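First up is the structure itself, then whatever we jot down about it.
Derivation of every value follows stated rules applied to the coordinates shown; laboratory data play no part. Here the structure is a predicted model, which is why all the values come from computation and not from measurement. Virtual Cβ from ideal backbone geometry, glycine too; neighbours counted across all protein chains shown.
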């Protein structure tokens, strides 16, 4: 059973102890906090999978704590515990970003059911979105949080990071899962045809319109429409899209009667929309209408901890097509891959692994099986402009020094230090324990 890390916040000691015992008995790792202020400190120092907090507490109340926690980590799953019948507090909590709520008094079964519901949905997303780095864990939790809503989502990230994969995961975790998921690449469709593609057209509305045609919004009615490369829309199309989002209706080309649609729109872009708004190349009102729920997927070079898992996943995925049993990579090949910059992100990594599997003559992918650009760049010396001295170095001493510097620079905040080093929270925690690195005790 997976030991999930849960933070319980309540100003009543007996309540904290009861919840802690119930959750630990169910196999979870539980930390308790007696105040909002203490909870914030704990959350900044450690990563939690879920937070359970009381609504009414002395000092900082649960709603304020919720807001502060989400400022630190917008993806955090928070379940609010409220007094029975306090409907307004429930509404406030859900509007403020809480994932769920429980009405007091809470019995054992209610507590475990609510926690398991949140965590099981997170596990299903975990199966779809590969990557265990802190950055991707935040993306997964954000998917879980936004899935139940019908609000517009804007997914940001470089080409190849997996924006459509995230959009599909949101759809599959949502109440619309039984309905259609329709994907449209706005940059791949001729500008003159895009209006008809999105909104449809009536018979005879233009040359070649021999029949009536439904647009993608109508096709995706009651489902999800994924608009990729949204930054490539021209200003005229931006205005029409804005109207559709605001009015929840479409007007076919050549039509006179608006058609109501119930569509959840997820948009994606690798462009700097803020700069485009400033240059009047993207409508500010549409930007705000799309950016209701932003999700940013970090590039692969900023989450190198994910590369190993992705390699194993892609080898398993393409084993059938290659009809080869590939066990893995040699140490030299793995080292090159780990140190390459991956400008094409996950898509480029998958292509490289698939190609290497086809070229590999043995059961292990070696350096010569990798694309030339990886062989040329993918070395630590190229990545960091570091030259090994003739007398050599102690790698462990170097690692110890870098970790210590990162901890000192961040005032011993593990989360921030892990980001500086490009490691996950858990990996850095393990290495701190391995090297016995601790914060110096100040002399009185």
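For region 395-435, a Kirkwood radius taken over Cα pairs fed into Stokes-Einstein (20 °C, viscosity 1.002 mPa s) yields D = 218 µm²/s. Hey, in the GNM for the chain with a 10 angstrom Cα cutoff, which one of 204, 62, 223 fluctuates hardest? The residue that fluctuates most here is 204. The rule of thumb for compact globular proteins, 2.2 N^0.38 Å, goes into the C-alpha radius of gyration of region 5-128 0.97 times.
With the simple spin-label model, which puts each label point 7 Å out from Cα in the Cβ direction, the residue 243 to residue 437 separation comes to 5.9 nm. For the residues 168, 95, 355, a GNM of the chain with alpha-carbon springs under 10 Å puts the largest fluctuation on 95.
Could you identify which residue out of 414, 292, 230 has the top mean-square fluctuation in a GNM of the chain using Cα springs shorter than 10 Å? Among 414, 292, 230, the largest mean-square fluctuation in the Gaussian network model of the chain belongs to 292. Normalised by residue number, the volume inside the convex hull of the Cα atoms of region 153-273 is 104 Å³ per residue.
Taking the DSSP beta bridges with both ends in region 1-67, the antiparallel portion is around 0 percent.
Bridge orientation summary for the chain: considering DSSP beta bridges with both residues in this region, about 10 percent are antiparallel.
Run the helix sum for the chain: -39,500 (n - 2.57) per DSSP H stretch of 4+ residues, divided by residue count, reported at 222 nm to the nearest 500 deg cm²/dmol. Counting only the DSSP helices, I get -14500 deg cm²/dmol.
For the pair residue 396 and residue 411 in one chain, pulling the backbone fully straight at 0.36 nm per residue adds 3.2 nm over the alpha carbon distance. Cβ-Cβ distance of residue 260 and residue 308, R₀ of 45 Å, FRET efficiency by 1/(1 + (r/R0)^6): the value works out to about 0.40. Summarising the label geometry, the points placed 7 Å from Cα in the beta-carbon direction at residue 429 and residue 150 lie 4.0 nm from one another. Calculated on the alpha-carbon coordinates, the convex hull of region 301-384 measures out at 81 cubic angstrom per residue. Taking only the Cα atoms of the chain, the ratio Rg/Rh comes out at 1.01, with Rh defined as the Kirkwood radius.
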